[in-house]
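K.L.:
Sharing a structure with you now.
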Amino acid sequence: MIDTGLKDKVVIVTGANHGIGAAIAVAFAREGSKVFVNYLRQPPELFGETRESSEKAATPGRAYYCKKISQSADQVVNRITKSGGECSAWEADLAQPDNIPKLFDMAEDKFGLVSIIVNNAAFDNPDTFIPKTELEKNPFFAGEYTMNPITAKSHDEHFAVNSRATALIMGEFARRHIKNKSDWGRIINISTDGAYAHASNVSYGASKFAAESYTRAAAHELGPYGITVNVISPGAIQTGWMSEELEKTLAESYPLRRIGHPEDIAKTVLFFASRQADWITGQVLYVGGGNRM
């Protein structure tokens with residue numbers, strides 16, 4: 001059995017009330033880590049659903065995804081604690097910079113010094129360079145999610161969470177790590193394999209690509225302090241947003257002929273956090289069934 005070296009490590013996982021973040025939190029807890037979860041419930045209206053319609057949804061698709069993003073992290077905390085693990089959660093909007101030092105304060109008060117950060121929180125509401133007149137002829141992203149022309153607001157909403165919050169969290173982690181003379185740390189940032197150029201979701205892709213640049217710079221600067229910094233770039237992951245028809249269609253285009261599951265990303269996060277990845281930093285690893293190579 002491989003010893004990951006993660007027992008009793010204190011981990012912050014952002015965006016962990018559902019999907020990939022929830023799977024990551026559970027995976028760390030199974031390794032004996034102490035997990036502090038950050039999350040922010042997003043209203044179903046973000047994607048044109050009502051609370052009533054999303055609550056009734058029982059199969060993957062837009063309404064079901066809205067149900068997932070609007071839930072608290074209680075089920076994640078309960079799952080971990082009932083199995084004997086240690087987990088606590090705090091709901092806060094990371095687009096508000098003042099919440100970032102508070103996040104570290106709360107995690108440290110609960111479990112002690114943080115040694116692993118997983119930046120998974122994301123804002124994603126598809127925008128495009130296509131004008132509204134053309135969108136009216138073909139208005140949907142992935143069959144269900146409405147796109148809108150890019151605006152200052154849509155740009156800033158994506159970058160505030162996907163890029164700025166990631167950078168500020170890395171900076172806060174580094175400051176505390178160096179102040180406390182720690183010699184071991186891990187930062188793992190979750191991107192998307194569409195980051196290089198994400199047509200039909202332009203601000204999401206660009207904001208994630210910016211975070212990848214921050215990652216490489218941080219790896220260079222923080223390596224002397226014992227901190228590794230890496231990116232996981234997932235392909236399509238079924239977190240409830242894809243209808244069964246869309247999932248089947250996408251799977252046929254992937255070399256491994258299936259869509260990813262949150263646990264696929266969680267296992268890769270554990271690798272980057274583990275002692276097995278001691279000499280890996282500044283890397284982007286595509287984890288998407290061969291969708292991007």
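No value in this document is a laboratory result; all are computed from the given coordinates. What you are looking at is a predicted structure, and each value in this text was computed from that prediction instead of being measured. Neighbour counts are summed over all protein chains in view; Cβ atoms, including those assigned to glycine, are modelled from backbone coordinates with ideal geometry.
K.L.:
For the stretch 10-287, what value does the Rg/Rh ratio take when both radii are computed over Cα atoms and Rh is the Kirkwood radius, given to two decimals?
P.N.:
0.96
K.L.:
Could you please report the charge total around G288, scoring K, R as +1 and D, E as -1 over all other residues with beta-carbon less than 13 angstrom from its beta-carbon? Mind showing how you got there, number by number?
P.N.:
Values: positive: R257, R258, R292; negative: D193, D264.
That sum, taken over residues with Cβ under 13 Å, equals +1.
K.L.:
Specify the angular offset, from 0 to 90 degrees and rounded to the nearest 10, of the alpha carbon long axis of helix 244-253 from the longest principal axis of the alpha carbons in the chain.
P.N.:
70
K.L.:
Something else about it: Could you pull out which residues in the stretch 85-99 have an amide N less than 20 Å from a spot 7 Å beyond the Cα of A152, following the Cα-Cβ vector?
P.N.:
Of the residues in the stretch 85-99, 95-97 have backbone N under 20 Å from the label point off A152.
K.L.:
GNM, the chain, Cα, under 10 Å: largest mean-square fluctuation among E52, E221, E86?
P.N.:
E52
K.L.:
R51: net charge of surrounding residues, Cβ under 15 Å, Lys/Arg +1, Asp/Glu -1, itself excluded?
P.N.:
Charge balance in the 15 Å sphere: +1.
K.L.:
I would also like to ask the following. What dipole magnitude, in Debye to the nearest 20, does the chain give about its Cα centre under +1 on Lys/Arg Cβ and -1 on Asp/Glu Cβ?
P.N.:
So the magnitude is around 560 debye.
K.L.:
How would you rank W90, W241, going from fewest to most other Cβ atoms within 10 Å of each one's own Cβ?
P.N.:
Working: W90 16, W241 23.
Taking fewest neighbouring Cβ atoms as first place, the list is W90, W241.
K.L.:
Considering the chain as a Gaussian network with a 10 Å cut-off on Cα pairs, which listed residue, T128, T281, T59, attains the greatest mean-square fluctuation?
P.N.:
Highest fluctuation of the listed residues: T59.
K.L.:
Of the peptides 200-206, 20-26, how do they stack up when ordered by the mean number of other Cβ atoms within 10 Å, highest first?
P.N.:
Going from most to least packed, we get 20-26, 200-206.
K.L.:
Please compute the net charge surrounding F123, taking Lys and Arg as +1 and Asp and Glu as -1 over other residues with Cβ under 12 Å from its Cβ.
P.N.:
Counting the neighbours of F123, the net charge comes to -2.
K.L.:
Starting from 0 in steps of 10 Å, tell me what percent of the Cα-Cα pairs of the stretch 149-191 lands in each bin.
P.N.:
The percentages, shortest bin first, are 24, 39, 24, 11, 3.
K.L.:
Counting helices only, and only those DSSP H runs with n ≥ 4, report the 222 nm mean residue ellipticity of the chain as the sum of -39,500 (n - 2.57) divided by its residues, in deg cm²/dmol to the nearest 500.
P.N.:
Values: 11 runs with 117 residues, N = 293.
For the chain, the value works out to -12000 deg cm²/dmol.
K.L.:
Between the helical axis of 99-111 and the dominant principal axis of the chain, each derived from Cα atoms, what acute angle in degrees is found, rounded to the nearest 10?
P.N.:
Roughly 50 degrees between the two axes.
K.L.:
Which one of S163, G185, A219 has its Cα pushed farthest toward the positive end of the charge dipole of the chain, where Lys and Arg give +1 and Asp and Glu give -1 at the Cβ?
P.N.:
Farthest towards the positive pole: G185.
K.L.:
Farthest toward the dipole's positive end in the stretch 194-269, which of I259, A195, M242, given Cβ charges of +1 (Lys, Arg) and -1 (Asp, Glu) about the Cα centre?
P.N.:
Working it through, the farthest residue towards the positive pole turns out to be A195.
K.L.:
On to the next question. Report, to the nearest 10°, how far helix 166-179 tilts away from the longest principal axis of the Cα atoms in the chain, using its own Cα long axis and a range of 0 to 90°.
P.N.:
Its long axis makes an angle of about 0 degrees.
K.L.:
Which of L113, N148, P97 sits farthest toward the positive end of the charge dipole of the stretch 84-188, with +1 on the Cβ of Lys and Arg and -1 on the Cβ of Asp and Glu?
P.N.:
Toward the positive end, the furthest listed residue is L113.
K.L.:
Under 8 Å for C-alpha pairs, at least 6 residues apart: give me the relative contact order for the chain, rounded to a whole percent.
P.N.:
Here the relative contact order equals 21 percent.
K.L.:
OK, next. Let me know the charge dipole size of the stretch 82-230 about its Cα centre in debye, to the nearest 20, where only the beta-carbon of Lys, Arg (+1) and Asp, Glu (-1) is charged.
P.N.:
380
K.L.:
Now for a different question. Counting other C-beta atoms within 10 Å, which of H198, H18, H261, H158 has the fewest, and how do the rest follow?
P.N.:
Values: H198 19, H18 23, H261 15, H158 28.
Ordered from fewest to most neighbouring Cβ atoms within 10 Å, H198, H18, H261, H158 come out as H261, H198, H18, H158.
K.L.:
In vacuo Debye scattering of the stretch 162-276, one point per C-alpha: log10 I(q)/I(0) at q = 0.12, 0.20, 0.21 Å⁻¹?
P.N.:
Listed by q, the Debye log ratios stand at -0.52, -1.12, -1.18.
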